[in-house]
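Report on one structure; see the data block that follows.
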Amino acid sequence: MRIRKLFKFENAHIVRNCSSDRCKRSIHGHSYQIELILEATRLDHGQMVYDFGLLKSSIKDIIDSFDHAICFWNKDDPEYIKACKTFSARWISLPVSPSAEQFSRVIFFWADAILQQTQMQNGEADVQVYSVIAHETATGYAQCFREDVYNEQMGQLELESFEFSEQIKTEWHDSQMYDKLILGQPFINPSVKQQVL
């Protein structure tokens, strides 16, 4: 069974080396809609794939990092990167170009890592990310599946290869969240007292 949670954010970037002259030469933005689709082969004690309320912590924070931020490829021109860091309090350095395709891969990668490091408390045995859809416009989106995330021909993703501005990190519920993710420290879901019916 699958469930879908929708997230929204506003983001700016330049997509270097793309075909469109406007996109590869000018900072521009989009109103993104992200569909995070989770799946499980059995339901938890509450008869759910995964409680939507649990997505309001680390996974929401990591996706919300994109909101009103500028994203850049860490291989871009050093002067451009310096300007982004100097003139924007909210920025993310990515190991891949900030296209819709890569946003779908990156969000899948982050959400998957968080779920793998989460101590489940309510019988969520095998919940995992099935797909991420990144709607860049009303008419265009990119959809990513697990085989896309771990396909190095699409760009290697490693937790240590991302960098977040201090402003973004201070707005997370836990400002050390990403450091904990890199170190493999567990995220612990709230415990649930089961009612006998």
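The numbers here are math on the coordinates, done by the rules we state, and not lab data. It should be emphasised that the depicted structure is a prediction, and the values quoted were computed from it without experimental measurement. Here the Cβ is made from the backbone with ideal geometry for all residues, glycine too, and neighbour counts use every protein chain on show.
Listing for the model above:
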| item | result |
| --- | --- |
| Among the candidates I168, I114, I107, I182, residue that is in contact with a strand residue (DSSP E or B) (Cβ under 8 Å, 6 or more places away or on another chain), in a helix (DSSP H, G or I) and farther than 21 Å from Y32 by Cα | I114 |
| Matching residues in the range 55-69 - criterion: being surrounded by fewer than 22 Cβ atoms within 10 Å (Cβ to Cβ) and not polar (S, T, N, Q) | L55, K56, K60, D61, D64, D67, H68 |
| Only listed residue being charged (D, E, K, R) and over 16 Å from I168 (Cα atoms), chosen from D67, D76 | D76 |
| Test: residue in the range 156-168 that is in contact (Cβ under 8 Å) with a residue 12 or more places away in the chain, out of contact with any Ser or Thr (no Cβ under 9 Å at 6 or more places or on another chain) and buried (at least 19 other Cβ atoms within 10 Å of the Cβ) | yes |
| Options W91, W110, W73; residue that is of a type in the set (F, W, Y), in contact with a Pro (Cβ under 9 Å, 6 or more places away or on another chain) and surrounded by 17 or more Cβ atoms within 10 Å (Cβ to Cβ) | W73 |
